[in-house]
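Trainee: I'd like to ask you about the structure that follows.
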């Protein structure tokens, strides 16, 4: 390679590396703002912002969904299997909303520690499977749970 | 080898092969994706939009990487064909990015409950669309096409830092967008019957890009070399 081309290649390398470092620094500085949501554990640690709305993400706890008698208000727990936040939401829930589903809610904590949500989004995971497979997985899981319960009650 | 004239003839011979294999894989992919692959246990039939969305998103990043590599070669070796590759790819890349954003939005409304959210994945992909549009505008704003090619090479290289950001956004930050279902390490997030049409569509879109970029590059070669003897002879031959 002749010296001019070598120099150009070197300059390009420097440029890309420089921009890469700048981008890395900028993204690190804005790390918190780039988080789409906070987990219940992060809220428990006090990492979530106070005074303005933010998002909480996690799984809807099994057996926690309660519909209020007025019709549209729903209360449920969002968990990351370590900490839990109780959420109250008035409005229409997305199709994928169900117990055990990953969701992201936007809102604010009130004085009594309940997260009052103004928006509920369902988070879809990266797994896809045919309904029969999902059914057989569920059956196998339920069978396993039953067996364990029988073993426990037999003892 | 890199002479425009030689490229023009070789590209002309390659285009039909790309076009035919694109059509064959497209038909196979669409048929397999719409009729053979089973529905999803949660999303039912609407997950099938991923057979357009995911390959389009792959292409949006793949084409940008091609442009950045061509940008390095253009800046260091000043080869005309790689300069032409960058600008011929830009509008195809922009179209695929737009397609990925639109299909994602159509899927997002019923599944997430929102057409659009400002999470890291969606925002960085939107930035990619603006980079493509910036490259196209910058090229057409500069009269001297050799100078224009150098300018867009630099812009393509500046923007290439966005590619790893798009790819890893779903791992580095909490995003609403799910993480990748298809990885090189081979984590099985979907059964083979769902994966086959996805890969077929991925190949099909690449072949489409191959055909279109060659067509566009040929047109660009003719325009740049319009005052040379070989183009004049070619045109005279066509007229006779």
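The values are calculated or read from the model by the stated rules, or taken from the named source; none is laboratory data. Note that the structure is predicted; figures quoted are calculated from it, not measured. Every residue, glycine as well, gets a Cβ built from its backbone with ideal geometry; the counts of neighbours run over all protein chains shown.
Trainee: So which of B:223, B:233 ends up being free of Cβ contacts under 8 Å to residues at least 40 places away in the same chain and either closer than 23 Å to residue B:92 by Cα or buried (at least 16 other Cβ atoms within 10 Å of the Cβ) (or both)? So that I can check it myself, show each step before the final result.
Mentor: Details: B:233 fails: either closer than 23 Å to residue B:92 by Cα or buried (at least 16 other Cβ atoms within 10 Å of the Cβ) (or both).
Checking each option against the conditions leaves just B:223.
Trainee: Assigned by TED's automatic domain parsing to the domain that holds residue A:45, surrounded by fewer than 11 Cβ atoms within 10 Å (Cβ to Cβ), within 23 Å of the chain's Cα centre (by Cα) and over 19 Å from residue A:44 (Cα atoms), is that true of residue A:91?
Mentor: On the way: assigned by TED's automatic domain parsing to the domain that holds residue A:45: yes; surrounded by fewer than 11 Cβ atoms within 10 Å (Cβ to Cβ): no; within 23 Å of the chain's Cα centre (by Cα): yes; over 19 Å from residue A:44 (Cα atoms): yes.
In short, no.
Trainee: Moving on. Given the criteria more than 8 Å from chain B (Cβ to nearest Cβ), surrounded by fewer than 12 Cβ atoms within 10 Å (Cβ to Cβ) and in a loop (DSSP other than H, G, I, E, B), does residue A:1 qualify? First the steps, then the outcome.
Mentor: Values: more than 8 Å from chain B (Cβ to nearest Cβ): yes; surrounded by fewer than 12 Cβ atoms within 10 Å (Cβ to Cβ): yes; in a loop (DSSP other than H, G, I, E, B): yes.
Judged against the criteria, residue A:1 is a match.
Trainee: Separate question: What's the number of the only condition in (1) more than 24 Å from residue B:24 (Cβ to Cβ); (2) crowded, with 20+ Cβ neighbours inside 10 Å; (3) away from chain A (no Cβ under 13 Å) that residue B:151 fails to meet?
Mentor: (2)
Trainee: Are there helices (runs of 4 or more DSSP H) fully within the range B:132-240 with at least 3 residues that are under 30 Å from residue B:35 (Cα atoms)? List them.
Mentor: Values: elements: B:145-159, B:162-172, B:192-224, B:229-239.
Here the list reads B:192-224.
Trainee: With respect to residue B:194, determine if the residue is more than 26 Å from residue B:77 (Cβ to Cβ), touching a residue at least 24 places away in the same chain (Cβ under 8 Å) and more than 21 Å from the chain's Cα centre (by Cα). Steps first, please.
Mentor: On the way: more than 26 Å from residue B:77 (Cβ to Cβ): yes; touching a residue at least 24 places away in the same chain (Cβ under 8 Å): yes; more than 21 Å from the chain's Cα centre (by Cα): yes.
It is true that residue B:194 is more than 26 Å from residue B:77 (Cβ to Cβ), touching a residue at least 24 places away in the same chain (Cβ under 8 Å) and more than 21 Å from the chain's Cα centre (by Cα).
Trainee: Which one of the conditions (1) more than 12 Å from chain A (Cβ to nearest Cβ); (2) surrounded by 20 or more Cβ atoms within 10 Å (Cβ to Cβ); (3) more than 22 Å from the chain's Cα centre (by Cα) does residue B:34 fail to meet, given that it meets all the rest?
Mentor: Here residue B:34 meets the rest and fails (2).
Trainee: Checking residue B:16 against (1) farther than 30 Å from residue B:148 by Cβ; (2) assigned to a helix (DSSP H, G or I); (3) in contact (Cβ under 8 Å) with a residue 12 or more places away in the chain, which test does it fail?
Mentor: Unmet condition: (3).
Trainee: Then there's this: For the range B:161-205, name all the residues that are at the interface with chain A (Cβ under 7 Å from one of its Cβ atoms) and closer than 15 Å to residue B:31 by Cα.
Mentor: Listed by number, the list holds a single entry, B:194.
Trainee: Still on this structure: Given the criterion surrounded by 11 or more Cβ atoms within 10 Å (Cβ to Cβ), more than 26 Å from residue B:170 (Cβ to Cβ) and outside the structural domain of residue A:117 (by TED's automatic domain parsing), identify the matching residue among A:27, A:72, A:11. Don't jump to the end; show me each part of the working.
Mentor: Working: A:27 fails: more than 26 Å from residue B:170 (Cβ to Cβ); A:72 fails: outside the structural domain of residue A:117 (by TED's automatic domain parsing).
Residue meeting the stated conditions: A:11.
Trainee: Being assigned to a helix (DSSP H, G or I) and at the interface with chain A (Cβ under 10 Å from one of its Cβ atoms) is the filter; apply it to the range B:44-72 and report the residue that is nearest to the chain's Cα centre (by Cα). Let's see the steps before the verdict.
Mentor: So in the range B:44-72, the residues assigned to a helix (DSSP H, G or I) come out as B:45-72.
Now restrict to residues that are at the interface with chain A (Cβ under 10 Å from one of its Cβ atoms): B:46-47, B:50, B:68, B:71-72.
On the way: B:46: 24, B:47: 22, B:50: 16, B:68: 13, B:71: 16, B:72: 18 Å.
Here the answer is B:68.
Trainee: Follow-up question, since we're still on this one. What is the residue count in the range B:1-14 for residues that are surrounded by fewer than 17 Cβ atoms within 10 Å (Cβ to Cβ) and in contact with a helix residue (DSSP H, G or I) (Cβ under 8 Å, 6 or more places away or on another chain)? Can you show your working first?
Mentor: At the first step, the residues of the range B:1-14 found to be surrounded by fewer than 17 Cβ atoms within 10 Å (Cβ to Cβ) are B:1-3, B:5-6, B:9-10, B:12-14.
Filter again for in contact with a helix residue (DSSP H, G or I) (Cβ under 8 Å, 6 or more places away or on another chain), leaving B:2, B:5, B:12, B:14.
Adding up the residues that qualify gives 4.
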